[in-house]
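Engineer: Please see the structure below; I have some questions.
The values are calculated or read from the model by the stated rules, or taken from the named source; none is laboratory data. This is a predicted model, so every value here is computed, not measured. Ideal geometry is used to build each Cβ from the backbone, glycine not excepted, and the neighbour counts take in all protein chains shown.
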Amino acid sequence: MATSAVSFLLILPLITPIWGSANVTQNIFKFKILTGVVVESGSIQIQKVKREEMSLVLCATYCNNACGMFAVNNVESECITYSDRAYEVGLITTGPVNWKLGYRTDYDTVSTNEWTLVFRAQKKIGFSVFDAWNRTGEYDDHPIQHSFPLECLQVAFIEFNGTGSDRDSWFTQERILNSTWSPGLNNESSLPDMGVAGYYVEGSAARRFNIYGPRVTCGLEWLYTTVLDHLDDICDHDWDIDPVSFPNFLYSTTNGRAAVKGAIYPLVDLADVLAVWVKFET
């Protein structure tokens, strides 16, 4: 049986501020980024560039095919590229926080057509999707091994306009361009907890990447998709979902609303994977 996936597709300008202070372009996906790390020795310097408003993205563009590593200092507006990677021998790992180091990884990014995978979550592994999405000090665009299975059956998708958004604000009804559930989803008048953070009450509910109708009575509620991101939910007793582990990816199998229990709407199904893809447009 094919692995099923709920996909969120995010369209961005070619160079865009997104996810906090991190600038993301296609080139950044090739590097692992370290903060507060400088190069002392063990790598051959290709060039040093100083220019106004030097950024992580801009410095990465100087690191072409002959470059294995780059270092950028936003305060000093300085970028240095190196021909190879110094690893532990030539690195000072307690360098000034103004420096960031980007080095090429041993893996390629996962791409299909114009889309690049930047985040992937697996069902029932006992680790919070929301925590993984918001880990500080890391970029959520870690390269993935060639063995990563792309043979997923996409069972639902939403395409968002990400221009001008940040790490969380892209996930709104107003930014939806197309989806499995359009135009009904676009026209919904009441999605009170829609968002990446969704609906969270400690010890009672953790519904992330949440597109969920009004909370009234558990057995009568409806949704388009949500991530049950914890073992406990206040509606467990009414839902036909065995909370053996988390996360669980709920989605509507039709072109409209779905119910977790009852006969008001068709019942939800569970996907195996949640994925976020980005596409850059000029």
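Engineer: Please report, ordered by residue number, the strands (runs of 3 or more DSSP E) entirely within region 28-80 with at least 2 residues that are among the charged types (D, E, K, R).
Structural biologist: 45-50
Engineer: On the given criteria, is R104 touching a Gly at 6+ places or on another chain (Cβ under 6 Å) and at pLDDT 65 or above?
Structural biologist: The answer is yes for R104.
Engineer: Which one of these is of a type in the set (F, W, Y), over 24 Å from G262 (Cα atoms) and either touching a Lys or Arg at 6+ places or on another chain (Cβ under 6 Å) or at pLDDT 85 or above (or both): F157, F148?
Structural biologist: Every option except F157 fails the conditions.
Engineer: Just for region 37-82: of the residues that are of a type in the set (F, W, Y) and at pLDDT 90 or above, which one is surrounded by the fewest Cβ atoms within 10 Å (Cβ to Cβ)?
Structural biologist: The qualifying residue surrounded by the fewest Cβ atoms within 10 Å (Cβ to Cβ) is Y82.
Engineer: Would you be able to tell me the number of residues in region 201-213 that are farther than 16 Å from D269 by Cα, in contact with a strand residue (DSSP E or B) (Cβ under 9 Å, 6 or more places away or on another chain) and free of Cβ contacts under 8 Å to residues at least 40 places away in the same chain?
Structural biologist: 1
Engineer: What pairs come up if the first residue lies in region 221-235 and is in the same structural domain as N255 (by TED's automatic domain parsing), the second is among the charged types (D, E, K, R) and at pLDDT 85 or above, and their beta carbons are under 6 Å apart, counting only those six or more places apart or on different chains?
Structural biologist: Close Cβ pairs (under 6 Å, with a partner that is among the charged types (D, E, K, R) and at pLDDT 85 or above) amount to W222/R257; T226/R207; V227/R208; D229/R208.
Engineer: Taking the condition surrounded by 14 or more Cβ atoms within 10 Å (Cβ to Cβ), within 18 Å of G195 (Cβ to Cβ) and of a type in the set (D, E, K, R), does D269 pass?
Structural biologist: In short, no.
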